[in-house]
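K.L.:
One structure, as structure tokens, below. Some questions next.
The values are calculated or read from the model by the stated rules, or taken from the named source; none is laboratory data. Since we're looking at a predicted model, the values are computed, not measured. When we count neighbours, we look across all protein chains shown, and the Cβ atoms used for this are built from the backbone with ideal geometry, even at glycine. Heavy atoms of the whole protein, side chains included, go into the accessibility calculation; ligands, DNA and RNA do not. Shrake-Rupley method; radii C 1.70, N 1.55, O 1.52, S 1.80 Å.
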Amino acid sequence: MSRMVQTLFAVLAAIAPVASDAVAEDFTQPTLERIKETGKIRVGYGVTAPFSFTASDGQVIGYSIDLCNRLAEKLRLRLEMPAVEVVLVPRTPSNRVQLLNSGEMDIECNASTNTAERRKSAAFSVSHFYSATRYVSLAKNNLKTLNDLKGRSVSVALGTVNVSDITEANRTKKLNVSVIPVDSLQAAFDMVTDGRVSAFAMDEVLLGTMIARTKDPAEYSISTDKLTDAQPFGFMMRVNDKPFVSAVNEALTEIYKSPEMSEIYHRWFETSAPGLGINIDLPMSDMLKKALAHPTPIE
């Protein structure tokens, strides 16, 4: 099978979950109304440290979870309720839009890249992070640039924007890369570890965290070349629920502008992170500082 055909199959596989999302039966009750009725907000989480993940004690924690717990409290006050229960819903990159549309999840509190294409099927909150896309490889292979990937294989996680990122680089730079889609970030990373692919393309902040959690981080290397510039992360919501989206953005704006925001960021990125035991050592970028100081929805 030619590399061009392999890449085409990879792209079609990546699109398939989106197609299934589109035909899912839509949930139409306004989210604020349901929160008021049920006393619950359904929050999606992933296996995406340090944004949302399950710690060894079974607790779901992370930077995004901290923010969404505070969001739930802001919504409780807005709705004048005695309590709002945060119901945690596991999601994957492939099924997140489906879970929103079906009503199983009200908001995804993770690390989803806010793109124009994605905004056709989901609404996004004001941004809580920015990250570029790079690739990880084994250090012994000395892969640094996009041209170093020529004729090689690259894994990607289904349902992520990184599928289109590597496909676009493949096309424009004529890399002749075989794109290998898999079900999860960890599976894609493990393929690099096991030597089944040359590289794994993903958001650089997630790559750095995954490397830091390995037994020997020195065995891995992150590319010097970027597949994309820094892109915004936001919390995904149902696309046609403007009152909820507005309420979420108003609440997050208060949180982001509060003195506590720098403490939340420091907890996850500049010291030994809870549940991870590693210091990601990533000072807040100027881009993120500006976004948090002046939260603005991306239309």
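K.L.:
Restricting the search to the range 121-142, which residues are farther than 22 Å from SER94 by Cβ, hydrophobic (A, V, I, L, M, F, W, C) and open to solvent by 10 Å² or more (accessible area, probe 1.4 Å)?
P.N.:
LEU138, ALA139
K.L.:
It is to be established whether one or more residues within the range 44-52 are surrounded by fewer than 18 Cβ atoms within 10 Å (Cβ to Cβ), at pLDDT 95 or above and within 25 Å of ILE211 (Cβ to Cβ).
P.N.:
Of the residues in the range 44-52, the ones surrounded by fewer than 18 Cβ atoms within 10 Å (Cβ to Cβ) are 47.
Okay, now just the ones that are also at pLDDT 95 or above, so 47.
If we keep only those that are within 25 Å of ILE211 (Cβ to Cβ) as well, we get 47.
Yes, because at least one residue in the range 44-52 is surrounded by fewer than 18 Cβ atoms within 10 Å (Cβ to Cβ), at pLDDT 95 or above and within 25 Å of ILE211 (Cβ to Cβ).
K.L.:
So which residues in the range 173-213 are in contact with a helix residue (DSSP H, G or I) (Cβ under 7 Å, 6 or more places away or on another chain), assigned to a strand (DSSP E or B) and open to solvent by less than 30 Å² (accessible area, probe 1.4 Å), if there are any at all?
P.N.:
If the condition is that a residue be in contact with a helix residue (DSSP H, G or I) (Cβ under 7 Å, 6 or more places away or on another chain), assigned to a strand (DSSP E or B) and open to solvent by less than 30 Å² (accessible area, probe 1.4 Å), then SER178, VAL179, VAL182, ALA199, PHE200, ALA201, MET202 are the ones that fit.
So that you can scan it fast, the table gives a plain yes or no per residue for (1) free of Cβ contacts under 8 Å to residues at least 60 places away in the same chain; (2) among the charged types (D, E, K, R):
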position	(1), (2)
THR172	yes, no
LEU175	yes, no
ILE180	no, no
ALA188	yes, no
THR193	yes, no
VAL197	yes, no
ASP203	no, yes
THR209	no, no
THR214	yes, no
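K.L.:
Can you confirm whether SER127 is in contact (Cβ under 8 Å) with a residue 24 or more places away in the chain and assigned to a strand (DSSP E or B)?
P.N.:
Details: in contact (Cβ under 8 Å) with a residue 24 or more places away in the chain: yes; assigned to a strand (DSSP E or B): no.
So SER127 does not fit the description; no.
K.L.:
Follow-up question, since we're still on this one. Could you check SER112 against (1) more than 21 Å from GLN59 (Cβ to Cβ); (2) open to solvent by 40 Å² or more (accessible area, probe 1.4 Å); (3) part of a strand (DSSP E or B); (4) not acidic (Asp, Glu) and say which number it fails?
P.N.:
Of (1) more than 21 Å from GLN59 (Cβ to Cβ); (2) open to solvent by 40 Å² or more (accessible area, probe 1.4 Å); (3) part of a strand (DSSP E or B); (4) not acidic (Asp, Glu), only one is false for SER112: (2).
K.L.:
Answer yes or no: is there a residue in the range 153-163 that is part of a helix (DSSP H, G or I), closer than 28 Å to ARG238 by Cα, touching a helix residue (DSSP H, G or I) at 6+ places or on another chain (Cβ under 9 Å) and not polar (S, T, N, Q).
P.N.:
Checked against the condition, which is being part of a helix (DSSP H, G or I), closer than 28 Å to ARG238 by Cα, touching a helix residue (DSSP H, G or I) at 6+ places or on another chain (Cβ under 9 Å) and not polar (S, T, N, Q), the range 153-163 yields at least one hit.
K.L.:
Another one. Report, by residue number, each residue of the range 149-164 that is over 17 Å from ASP183 (Cα atoms) and touching a Ser or Thr at 6+ places or on another chain (Cβ under 8 Å). I'd like the intermediate steps shown before the answer.
P.N.:
Residues of the range 149-164 that are over 17 Å from ASP183 (Cα atoms), as a first pass: 149-152.
Residues satisfying the conditions are LEU149, ARG152.
K.L.:
Could you grab me the full set of residues in the range 32-48 that are touching a Lys or Arg at 6+ places or on another chain (Cβ under 7 Å) and not in a strand (DSSP E or B)?
P.N.:
The answer is GLY46, and nothing else.
K.L.:
Can you tell me which residue within the range 214-262, out of those that are part of a loop (DSSP other than H, G, I, E, B) and under 23 Å from ASN142 (Cβ atoms), is least open to solvent (accessible area, probe 1.4 Å)?
P.N.:
Among those residues, the one meeting the criterion is SER223.
K.L.:
Could you list all residues from the range 263-294 that are crowded, with 19+ Cβ neighbours inside 10 Å, outside any loop (DSSP other than H, G, I, E, B) and touching a strand residue (DSSP E or B) at 6+ places or on another chain (Cβ under 8 Å)?
P.N.:
Correct list: LEU288, ALA291.
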